[in-house]
Structure formats: structure tokens, C-alpha cells
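To start, the structure under review is shown below, and the notes come after it.
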Amino acid sequence: MKTVTHWFSLFLTLMLLSSAALAVTLQEAKELGLIGERRDGYVGFVVDDVPPDVRALVQSVNNQRRDRYREIADDNGITVAQVAAVAFERAVEATQSGHYLQDASGNWVRK
């Protein structure tokens with residue numbers, strides 16, 4: 001599992017560097033309480049009514065995450081679900097106070 005943590009840390013760094021414009025937009029959407037970190041390692045909608053650009057952003061981020069999770073899983077001989085679980089743990093650590101996360105029941109809660 002330590003290898004997964006290493007790969008995931010590398011993934012987060014690359015994601016932040018390669019999509020700085022998305023990170024700002026993602027950050028803004030989180031600050032507005034529109035989106036949060038889902039338990040499955042992806043980003044989800046906290047509210048039902050979000051602008052189309054936020055929907056497109058979430059889809060883009062989730063597609064990038066899914067592809068990267070698959071790559072990490074393949075490289076380490078583990079499942080995508082295992083990688084996503086580590087990703088959620090890291091997201092919880094990285095989530096700022098006041099931003100949303102899903103709890104064990106799938107409800108949105110502020111950190």
C-alpha cells in the first residue's frame with residue numbers, strides 16, 4: 001500500500017501542475033459549496049443546481065482521475081477501487097475547512 005501512496009502523491013502533484021487553471025476553478029467551486037470530495041475518490045455535486053461550466057469541470061476532473069487511478073492500479077497490480085480509496089483518504093487530508101466531503105453514509109458534511 002505504501003507504493004500506492006507514493007504514486008498517488010506523484011499523481012496529485014502532476015495534476016496540480018498540469019491543470020492549474022482547472023485547480024483554481026475547482027477550488028472556487030469548492031469554496032462556493034457546489035462540489036465536494038466523494039467517498040469513491042471522485043468529485044461530486046453537493047447541490048443539484050450547478051452551472052454548466054461546473055458540470056463540465058467535474059466531468060473533466062473525474063475523467064482525469066479515473067484514467068490516472070487505472071494507470072496506478074495497473075502499475076501496482078491492485079484494483080482501481082483500492083487506488084480510489086487511498087485517493088479519498090488523501091482528499092480528506094487536503095480538504096480545507098468549510099469544504100464538503102461525503103461521510104460514511106454518503107451525506108455531504110463540511111470539514
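The values are calculated or read from the model by the stated rules, or taken from the named source; none is laboratory data. Every value quoted in this text rests on a predicted model; they were computed, and no experiment measured them. Cβ: placed from backbone, ideal geometry, glycine included. Neighbour counts: every protein chain shown.
For region 1-38, give me each residue that is modelled with pLDDT under 55 and surrounded by 14 or more Cβ atoms within 10 Å (Cβ to Cβ).
Listed by number, the residues that qualify are Leu12, Met15, Ser19, Leu22, Ala23.
With Arg66, Arg55, Arg90, Arg70 as the choices, which residue is touching a helix residue (DSSP H, G or I) at 6+ places or on another chain (Cβ under 9 Å) and either under 23 Å from Lys111 (Cα atoms) or assigned to a strand (DSSP E or B) (or both)?
Values: Arg66 fails: either under 23 Å from Lys111 (Cα atoms) or assigned to a strand (DSSP E or B) (or both); Arg55 fails: touching a helix residue (DSSP H, G or I) at 6+ places or on another chain (Cβ under 9 Å); Arg70 fails: either under 23 Å from Lys111 (Cα atoms) or assigned to a strand (DSSP E or B) (or both).
Answer to the selection: Arg90.
Considering only region 74-87, how many residues are part of a helix (DSSP H, G or I) and either β-branched (Val, Ile, Thr) or within 12 Å of the chain's Cα centre (by Cα) (or both)?
6
I need the full set of residues from region 97-111 which are under 13 Å from the mean Cα position of the chain (by Cα) and in a loop (DSSP other than H, G, I, E, B), in order please.
His99
Do we have Gly41 as modelled with pLDDT of 95 or more, crowded, with 17+ Cβ neighbours inside 10 Å, out of contact with any strand residue (DSSP E or B) (no Cβ under 8 Å at 6 or more places or on another chain) and not in a helix (DSSP H, G or I) here?
On the way: modelled with pLDDT of 95 or more: yes; crowded, with 17+ Cβ neighbours inside 10 Å: yes; out of contact with any strand residue (DSSP E or B) (no Cβ under 8 Å at 6 or more places or on another chain): yes; not in a helix (DSSP H, G or I): yes.
Yes: the conditions hold for Gly41.
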